[in-house]
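A short worksheet on the structure shown next.
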Amino acid sequence: MYSIRLKKGKEKAVRQLHPWVFSGAIEAFKGNPLDGEIVRLCDHEEKFMAYGFYNSQSRVAVRLLEWNEEIEIDESWWRNKIKKSVNLRADLLSSNETDTCRLIFSEADFLPGLIVDKYGDFLSVQLLTSGIENIKDIVLDELQNLLKPAGIFDRSDTSSRSHEGLEASFGKLCGVDPPEFVTIKENGIRYDVNIAEGQKSGFYCDQRDNRKLVAQYAKDKRILDCFCYSGGFTLNALQGGASEVVSVDSSALALETLKQNIVLNGMEATQHVAIQSDVNKQLRIFKEQNQKFDFIILDPPKYAPSRAALTKAARAYKDLNRLAMGLLNEDGLLATFSCSGAVDISTFKQILAWAALDAGKEVQFIRQFTQPEDHPIRSSFPEGEYLKGLLCRV
């Protein structure tokens, strides 16, 4: 096995079990490891620290897997990690109310670069690192053994693969192709999910708990759901007794799917209005029309893909929330989210405080949102805590 030696003073994060080693921390190589190959990581005195897989093209040069020198990273090691991740979702998998969840969440489940989502009888996978790409056959075989899915579909078409020198990968991997829409259940509500063409890996199951919480405040309220996608918050609000829900998204496919989902659940379509538009533009139109809402939900895409984008993202979040605050009735509610890992909850609260000042509003934070149990946050990897949100009384 090839070895990599760290520079003096660069050992602290590894000793604290953080799974990333950046290229700038490396002092020397013993041998010439290929991308995706398992390497032995040593401190500057050549003492063993951990095993991980290497990639010469990524800023994260080594993704650490195992800190015990006596344990061999072989096929059984990978299979055991996959099995453990699936078994830890046993409560979700046995639920009668929900048949979709994240089975494997990359570094948080000690499998860097592997994401597996379950949608009914189908699995959607993302293989985002060269090390995971190298063991793809083991991954697929173990998932089939454990879950017996009708099919496994590859959604590894993200920019993450390009950072590892990998081309995008897309299409059926095992079993049968998913139909155009797979019907799933979440909290007792049914959704049609387009695994092949939908956003992310088909659906945003990371908002499952938050959607249920928001529904508790929906009764008799006029609600605006921004960046609604296929209707997660909209459907929960309607089920929670909202008097009307206005849903806004720039995607025609998303809104068409949302309308299907309303029919699928036998909900009253007359209580719903769908608007295809850019959200920021539409909020300004609502302001010109002097429209008011009792409850607004903001679940935008990732504005800060890295810390370098934080300043620009903060301005975007502030402007978005400022506009929304101006559309609320007195003591209205705002459920606002950020899925940018670079934006921590303290920063997000500060952004909302600035937005409130600019909007001439006083805001109370009355509930804090986070990601659900199938998106765990590893104590040694705080970067895995990407989803945060606040329920505000404005």
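Quick check, is Glu45 surrounded by fewer than 21 Cβ atoms within 10 Å (Cβ to Cβ), over 26 Å from the mean Cα position of the chain (by Cα), farther than 14 Å from Tyr2 by Cα and outside the structural domain of Gly232 (by TED's automatic domain parsing)?
Numbers: surrounded by fewer than 21 Cβ atoms within 10 Å (Cβ to Cβ): yes; over 26 Å from the mean Cα position of the chain (by Cα): yes; farther than 14 Å from Tyr2 by Cα: yes; outside the structural domain of Gly232 (by TED's automatic domain parsing): yes.
Criteria met by Glu45.
Of all the residues that make up the stretch 168-198, how many are under 20 Å from the mean Cα position of the chain (by Cα), outside any strand (DSSP E or B) and either touching a residue at least 60 places away in the same chain (Cβ under 8 Å) or surrounded by 15 or more Cβ atoms within 10 Å (Cβ to Cβ) (or both)?
Number satisfying all stated conditions: 5.
Looking at the stretch 222-229, is at least one residue of a type outside the set (Val, Ile, Thr), over 29 Å from Leu92 (Cα atoms) and in contact (Cβ under 8 Å) with a residue 12 or more places away in the chain? Steps first, answer last, please.
Filtering the stretch 222-229 down to residues of a type outside the set (Val, Ile, Thr) leaves 222, 224-229.
Checking the rest, the ones that are also over 29 Å from Leu92 (Cα atoms) come to 222, 224.
Checking which are in contact (Cβ under 8 Å) with a residue 12 or more places away in the chain leaves us with 222, 224.
The answer is yes; a qualifying residue exists.
Quick one: in the stretch 145-157, of everything that is exposed (fewer than 15 other Cβ atoms within 10 Å of the Cβ) and in a loop (DSSP other than H, G, I, E, B), which residue is modelled with the highest pLDDT?
Applying the first criterion (exposed (fewer than 15 other Cβ atoms within 10 Å of the Cβ)) to the stretch 145-157 yields 145, 148, 157.
Now narrow it down to the ones that are in a loop (DSSP other than H, G, I, E, B): 148, 157.
Values: Lys148: 97, Asp157: 77.
It comes out as Lys148.
Tell me the residue from Ser124, Ser85 that is in a helix (DSSP H, G or I) and either within 27 Å of His18 (Cα to Cα) or at pLDDT 95 or above (or both), please.
From the options Ser124, Ser85, the qualifying one is Ser85.
Considering only residues that are β-branched (Val, Ile, Thr) and modelled with pLDDT of 95 or more, which ones fall in the stretch 241-262?
First, the residues of the stretch 241-262 that are β-branched (Val, Ile, Thr): 245-246, 248, 257, 262.
Of everything in the stretch 241-262, those that are β-branched (Val, Ile, Thr) and modelled with pLDDT of 95 or more turn out to be Val245, Val246, Val248, Ile262.
Residue by residue, here is whether (1) of a type in the set (A, V, I, L, M, F, W, C); (2) out of contact with any helix residue (DSSP H, G or I) (no Cβ under 6 Å at 6 or more places or on another chain); (3) at pLDDT 95 or above holds:
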residue: Pro301; (1), (2), (3): no, yes, no
residue: Ala314; (1), (2), (3): yes, no, no
residue: Arg322; (1), (2), (3): no, no, yes
residue: Gly326; (1), (2), (3): no, no, yes
residue: Asp358; (1), (2), (3): no, no, yes
residue: Gln368; (1), (2), (3): no, yes, yes
residue: Pro376; (1), (2), (3): no, no, yes
residue: Glu383; (1), (2), (3): no, yes, no
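Considering only the stretch 88-116, state which residues are touching a Phe, Trp or Tyr at 6+ places or on another chain (Cβ under 6 Å) and either in a loop (DSSP other than H, G, I, E, B) or closer than 18 Å to Glu186 by Cβ (or both). Step through it out loud before you land on a result.
As a first pass, look at the stretch 88-116 and keep what is touching a Phe, Trp or Tyr at 6+ places or on another chain (Cβ under 6 Å): 100, 107.
Scanning the stretch 88-116 gives a single hit, Thr100.
Exactly one of (1) under 30 Å from Tyr191 (Cβ atoms); (2) surrounded by 18 or more Cβ atoms within 10 Å (Cβ to Cβ); (3) within 21 Å of the chain's Cα centre (by Cα); (4) not aromatic (Phe, Trp, Tyr) is unmet by Glu142. Its number?
So Glu142 meets the others, but not (3).
The values are calculated or read from the model by the stated rules, or taken from the named source; none is laboratory data. Worth saying up front: this structure is predicted, and the values here are computed from it rather than measured. Cβ coordinates were reconstructed from backbone atoms using ideal geometry, including for glycine residues, and neighbour counts include every protein chain displayed.
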